[in-house]
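*Asks:* Below is one structure. I have some questions about it.
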Amino acid sequence: MEPEKLEALPEDWERALCVVAHPDDLEFGAAAAVARWTGQGKDVVYCMVTSGEAGIDAMSPDECRRVREAEQIESARIVGVSQVEFLGQPDGIVEYGVPLRRTIAEVVRRHRPDIVITGNFRDTWGGLNLNQADHIATGRAVVDAVRDAGNRWVFPEQLTDGLEPWGGVRAVWAAGSPQATHAVDTTETFDAGVASLEAHRAYIDGLGWENWDPREFLEGFSRQTGQRLGTALAASFEVFPMGWGE
Ligand SMILES: [Zn+2]
């Protein structure tokens, strides 16, 4: 059976906000797309729900937080992103709920993005590999917070000091979803994507995967996605329209 074709994502927008659970979530595929967009002059901001402080077995959370925040900031810089925010939620036990929606809605209201990007929040990665709880909680909260941000009667206590509701988000794009419908040609920016994953050095070393090569890993699925888009390499996204009538 032919793999299903993917449609190119629109590029007629100016500002994107990426909200993901952990440092490194964007670097497993999406960062090469971010590099393409920043290269086009678009403004992209990163927001990490946690600092990934529970992500390295041999490192205490306090040390790990410092290391991983620094790695994420460097990783972002490589793909043209200069603003990285950390929301300080607890790594590994992020809870979907009103408090998380409130926190993310405030970020959306401050940055007023056209597009919000998050990670895959479906139950699996396709096949039998289960998704992780923080990813699912974060993605669901992101979609809801985008709606909340546009409603002045939801979290109205935030609307002080000139902060206004923001209902201008056109869509939420979930990177790496097994139900992806769209993709971005990353042929020209693939190397930047690899370098941005390699910037998570302490994390990758901590995984202890012997002979694991970030380039080879990213190339494998980028080629498969590229075949479905009609390009050499690509990154896939599932699209959740946020307007009506789509
Ligand atoms: Zn993650």
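The values are calculated or read from the model by the stated rules, or taken from the named source; none is laboratory data. If you're wondering where the values come from, they're calculated on a predicted model, not measured in any experiment. Cβ coordinates were reconstructed from backbone atoms using ideal geometry, including for glycine residues, and neighbour counts include every protein chain displayed. The protein model used for the area step is the full one, side chains on, heavy atoms only, and it has no ligands, DNA or RNA in it. Shrake-Rupley method; radii C 1.70, N 1.55, O 1.52, S 1.80 Å.
*Asks:* Inside the range 70-103, can you point out the residues that are outside any loop (DSSP other than H, G, I, E, B), out of contact with any strand residue (DSSP E or B) (no Cβ under 6 Å at 6 or more places or on another chain) and more than 17 Å from Ala32 (Cα to Cα)?
*Replies:* Ala70, Gly88, Val98, Pro99, Leu100, Arg101, Arg102
*Asks:* Tell me which residues, restricted to the range 115-132, are more than 10 Å from the ligand (Cβ to nearest atom) and on the phi < 0 side of the Ramachandran plot. Steps first, answer last, please.
*Replies:* Quick first cut of the range 115-132, residues more than 10 Å from the ligand (Cβ to nearest atom) only: 115-118, 121-130.
Scanning the range 115-132 gives Ile115, Val116, Ile117, Thr118, Phe121, Arg122, Asp123, Thr124, Trp125, Leu128, Asn129, Leu130.
*Asks:* Considering each residue of the range 1-36, count those that are aliphatic (A, V, I, L, M) and more than 9 Å from the chain's Cα centre (by Cα), and give that number.
*Replies:* Step one: list which residues in the range 1-36 are aliphatic (A, V, I, L, M), which gives 1, 6, 8-9, 16-17, 19-21, 26, 30-35.
Among the residues that remain, those that are also more than 9 Å from the chain's Cα centre (by Cα) are: 1, 6, 8-9, 16, 32-35.
Matching residues across the range 1-36 total 9.
*Asks:* Out of the range 94-109, which residues are crowded, with 17+ Cβ neighbours inside 10 Å and basic (Lys, Arg)?
*Replies:* Across the range 94-109, the qualifying residues are Arg101, Arg109.
*Asks:* Please pick out the residue among Glu95, Glu53 that is over 16 Å from the mean Cα position of the chain (by Cα), within 29 Å of Leu163 (Cα to Cα), within 16 Å of the ligand (Cβ to nearest atom) and of a type outside the set (Ser, Thr, Tyr). I'd like the intermediate steps shown before the answer.
*Replies:* Working: Glu53 fails: within 29 Å of Leu163 (Cα to Cα).
It is Glu95.
*Asks:* Condition first: open to solvent by 60 Å² or more (accessible area, probe 1.4 Å), assigned to a loop (DSSP other than H, G, I, E, B) and touching a strand residue (DSSP E or B) at 6+ places or on another chain (Cβ under 7 Å). Now tell me which residues in the range 124-171 satisfy that.
*Replies:* Hit for the range 124-171 is Arg170, nothing else.
*Asks:* Just the residues that are in a helix (DSSP H, G or I) and over 20 Å from Asp134 (Cα atoms), please, taken from the range 52-65.
*Replies:* We begin by selecting, within the range 52-65, every residue in a helix (DSSP H, G or I); these are 61-65.
Answer for the range 52-65, where residues must be in a helix (DSSP H, G or I) and over 20 Å from Asp134 (Cα atoms): just Glu63.
*Asks:* When you go through Arg147, Arg102, Arg110 one by one, which is the residue that is farther than 22 Å from Val44 by Cβ and basic (Lys, Arg)? Let's see the steps before the verdict.
*Replies:* Numbers: Arg147 fails: farther than 22 Å from Val44 by Cβ; Arg110 fails: farther than 22 Å from Val44 by Cβ.
So the residue among Arg147, Arg102, Arg110 that is farther than 22 Å from Val44 by Cβ and basic (Lys, Arg) is Arg102.
*Asks:* Restricting attention to the range 1-31, report how many residues are open to solvent by 10 Å² or more (accessible area, probe 1.4 Å) and among the aliphatic types (A, V, I, L, M).
*Replies:* Looking only at that region, the number is 4.
*Asks:* Quick one: count up the residues across the range 108-137 that are closer than 16 Å to Ala171 by Cα, among the β-branched types (Val, Ile, Thr) and touching a Leu at 6+ places or on another chain (Cβ under 9 Å).
*Replies:* If we filter the range 108-137 for residues that are closer than 16 Å to Ala171 by Cα, which is where we start, we get 108-109, 111-121.
Adding the requirement that they be among the β-branched types (Val, Ile, Thr) leaves 108, 115-118.
Now drop any that are not touching a Leu at 6+ places or on another chain (Cβ under 9 Å), which leaves 108, 115-117.
Residues flagged as closer than 16 Å to Ala171 by Cα, among the β-branched types (Val, Ile, Thr) and touching a Leu at 6+ places or on another chain (Cβ under 9 Å) within the range 108-137 amount to 4.
*Asks:* Right, another one. Could you list all residues from the range 223-246 that are crowded, with 20+ Cβ neighbours inside 10 Å and more than 20 Å from the chain's Cα centre (by Cα)?
*Replies:* Matches in the range 223-246: Leu229 only.
*Asks:* Within the range 207-222, is even one residue at pLDDT below 95, closer than 14 Å to Ser236 by Cβ and either of a type in the set (A, V, I, L, M, F, W, C) or open to solvent by less than 50 Å² (accessible area, probe 1.4 Å) (or both)?
*Replies:* Yes, the conditions are met somewhere in the range 207-222.
*Asks:* Now for a different question. Only one residue in Met59, Met48 is over 27 Å from Gly226 (Cα atoms) and crowded, with 24+ Cβ neighbours inside 10 Å. Which one?
*Replies:* Details: Met59 fails: crowded, with 24+ Cβ neighbours inside 10 Å.
Unique residue meeting the criteria: Met48.
*Asks:* Now a separate question. Identify all residues within the range 20-50 that are within 11 Å of the ligand (Cβ to nearest atom) and part of a loop (DSSP other than H, G, I, E, B); write none if there are none. Talk me through it step by step, then tell me what you get.
*Replies:* From the range 20-50, those within 11 Å of the ligand (Cβ to nearest atom) are 20-28, 48-50; that's our starting set.
Selection gives Ala21, His22, Pro23, Asp24, Asp25, Leu26, Glu27, Phe28.
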